[in-house]
Amino acid sequence: MSTGEWVSTSMPYLTPPDKGPSDLWGAEAAAKGRRGSQRIVRAEEIAAPSEVTELLGAPAEQTVVVRRRIMYLDDEPCELTDTYYPAHLARGTRLASTAKIPGGAVRLLAELGHVGVRVREDVIARMPNAEEQGTLQTGPHEPVLELTRLTLDGDDRPLQVDVMVMPAQRQRLRYELRIG
């Protein structure tokens, strides 16, 4: 593993913390001797992209709340994250604003009575579009990894869809699964 590569795990971001740091990403980076920060670029209600409506099991005209963040590691952009919430869950909450959410969105969802119990992640490698290439500061022939995460509650209702794009050569995804 190169010194610039980041090993990413999903688990810290799937369960609502009772206590602990208000910024999980910053705390994770600090624990590894690095600096993690984020900038929330926008939060708004939009017509959901087709791949998001499909994952949410919603009609094509369904609106969602989207939060777009740029994640930084040691002051360099390392990930673009768009998180989509069904509008009926997020409208009128901190999920629909550009302010940071103490403890993160997973904690806020839990406080609102929505706890994820099942997650499905899909990862693909692809070439970035012009916006992604510019924001992530990648070269013209550097691929990205796109991780799409669907979080469902105990009744298999979708709570959120995350679409994360990160430079492939700077990222390693790690999955640890407990069977039984």
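Data table
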| quantity | calculated |
| --- | --- |
| In sequence order, calculated HN-Hα J values of region 152-162 (Karplus, 6.51, -1.76, 1.60; Hz; x Gly/Pro) | 10, 8, x, 9, 6, 8, x, 9, 6, 10, 10 |
| Long-range HN-HN contacts of Leu159 with modeled amide H, under 5 Å | Thr151, Leu152, Asp153 |
| In sequence order, calculated HN-Hα J values of region 146-151 (Karplus, 6.51, -1.76, 1.60; Hz; x Gly/Pro) | 10, 9, 10, 10, 10, 10 |
| Global form of region 6-173, assessed from the alpha-carbon gyration tensor, a/c cut-off 1.5 | oblate |
| Trypsin sites (Lys or Arg not before Pro) within region 110-180: DSSP coil, no more than 13 neighbouring Cβ in 10 Å | Arg178 |
| For Glu79, distant residues with modelled amide H under 5 Å away | Met71 |
| For region 127-144, Karplus couplings with θ = phi - 60° (6.51, -1.76, 1.60), whole Hz, Gly/Pro x | 7, x, 7, 4, 5, 5, 4, x, 5, 7, 6, 9, x, x, 10, 9, x, 10 |
| Where labels lie 7 Å past Cα in the beta-carbon direction, separation of Ala130 and Arg174 in nm | 3.8 nm |
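Quick note: the coordinates plus some simple rules give every number you see, no bench work behind them. Treat the numbers as computed from the prediction; the structure is a model and nothing was measured. No Cβ is skipped: glycine too gets one built from the backbone with ideal geometry, and neighbour counts run over all protein chains shown.
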